[in-house]
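The values are calculated or read from the model by the stated rules, or taken from the named source; none is laboratory data. Computed from a predicted model, the values in this text were never measured in an experiment. Neighbour counts run over all protein chains shown; Cβ positions are idealised from the backbone, glycine included. Surface areas here come from the heavy atoms of the whole protein model, side chains and all, with no ligands, DNA or RNA. Shrake-Rupley method; radii C 1.70, N 1.55, O 1.52, S 1.80 Å.
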Amino acid sequence: MKAGNRGRLYGIGVGPGDPELLTLKALRLLRAAPVVAYPAPEHGDSFARKIVAEWLDGRQHEIAIRFPMRPGPPPAEIYDHAALTVAAELDGGRDVALLCQGDPLFYGSFIGLLTRLGDRFSIEIVPGVSSLTACAAAAGMPLATRDESLSVIPATLAEADLARRLAAAEIAAIPKLGRHLAKVKRVLEKTGMLAGAICVERASLPNQRVLRLAEVDDAPYFSMALVRKTSLER
């Protein structure tokens with residue numbers, strides 16, 4: 001329920017890139033919201049906005065939250081400023097649809113707004129198709145079955161931490177390959193897992209690629225490695 005006359009914040013997962021993977025609920029709330037916010041690079045267009053562009057009618061107020069495209073976490077000041085901007089709309093009684101590529105709670109920029117606004121405003125989170133499930137579908141690789149466990153291990157970790165966590169994993173998904181590709185390949189080769197590793201680039205997009213990781217020399221940021229230590233039982 002809304003608190004008084006305040007607006008509600010909707011954290012909307014818009015999926016990995018294919019507009020047809022947007023959920024019906026996400027589409028309904030997107031069309032109804034008077035304000036639409038989304039992450040964007042310092043210069044250029046927002047990928048999250050591009051996914052839903054065909055359903056924006058030009059009458060909604062749009063807020064681009066600009067993030068620097070450089071290594072490391074974004075400065076806290078960006079989230080602080082974005083929270084103030086979104087809070088002003090909510091205090092004015094306007095609902096805000098905050099778009100997030102993939103799922104809002106799986107490495108989503110939405111989390112930075114949730115932690116700042118969650119105790120002050122009414123918030124509803126609409127899950128989206130995550131990069132994890134999109135990559136698994138593209139590769140045709142089951143993520144877990146029966147008693148298996150799945151580990152999500154970001155490529156941004158230090159090499160020693162990456163090696164330790166991969167050694168303990170049954171099935172691993174390694175997101176954020178990008179500039180960390182060589183490090184990930186090095187660790188997988190040392191642990192004997194490189195031969196069976198799959199790389200998925202730009203899952204669900206027209207230029208999607210699924211390759212053996214050993215054959216990949218350069219990977220975009222939107223790429224993920226999938227590794228399974230054991231074969232599936234029949």
Legend entry - Fluctuation leader among Met141, Met224, Met69 - the chain, Gaussian network, Cα springs under 10 angstrom: Met69
Legend entry - Ratio Rg/Rh [Cα only; Rh per Kirkwood] for the range 120-165: 1.12
Legend entry - Full-stretch length increase - Thr230, Ala76 - with 0.36 nm per residue and alpha-carbon distance subtracted: 51.3 nm
Inset, instruction - Identify, among Ala168, Ala219, Ser149, the residue whose Cα sits farthest towards the positive end of the charge dipole of the range 111-234, taking +1 on the Cβ of Lys and Arg and -1 on the Cβ of Asp and Glu, with the dipole about the Cα centre. - result: Ala219
Legend entry - the range 47-117, accessible area per residue, ligands and nucleic acids excluded (1.4 Å, Å²): 51
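Compute the relative contact order of the chain as a whole-number percentage, counting only Cα pairs closer than 8 Å that sit 6 or more residues apart in sequence.
With pairs under 8 Å counted, the relative contact order is 21 percent.
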Inset, instruction - Taking every pair of alpha-carbon atoms in the chain, give the share separated by more than 31 Å as a whole percent. - result: 29
Legend entry - Quarter of the Cα convex hull surface for the range 126-211, i.e. its orientation-mean projected area (nm²): 6.5
Inset, instruction - Go ahead and collect, in residue order, the members of the range 207-230 whose backbone nitrogen is under 13 Å from a label point 7 Å along the Cα-Cβ direction of Glu148. - result: 226-230
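Indicate, rounded to the nearest 5 percent, the antiparallel portion of the DSSP beta bridges found entirely in the chain.
Of the beta bridges lying entirely in the chain, close to 40 percent run antiparallel.
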Inset, instruction - Take the range 36-163, compute every pairwise Cα distance, and split them into 5 Å bins from 0; I just need the percent in each bin. - result: 2, 8, 16, 19, 19, 15, 10, 7, 4, 1, 0
Legend entry - Whole-number Å³ per residue for the convex hull built on Cα positions in the range 153-193: 55
Legend entry - Protection proxy ranking of 124-132, 188-196 - average other beta-carbon atoms within 10 Å, highest first: 124-132, 188-196
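Please compute the length gained on full extension between Asp161 and Leu27, using 0.36 nm multiplied by the number of residues separating them and subtracting their Cα-Cα distance.
Working: separation 134, 0.36 × 134 = 48.24 nm, distance 3.97 nm.
Stretched fully, the Asp161-Leu27 segment lengthens by 44.3 nm.
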Legend entry - Part-to-part distance (alpha-carbon centres) for the range 152-200 and the range 64-115, which is given in Å: 29
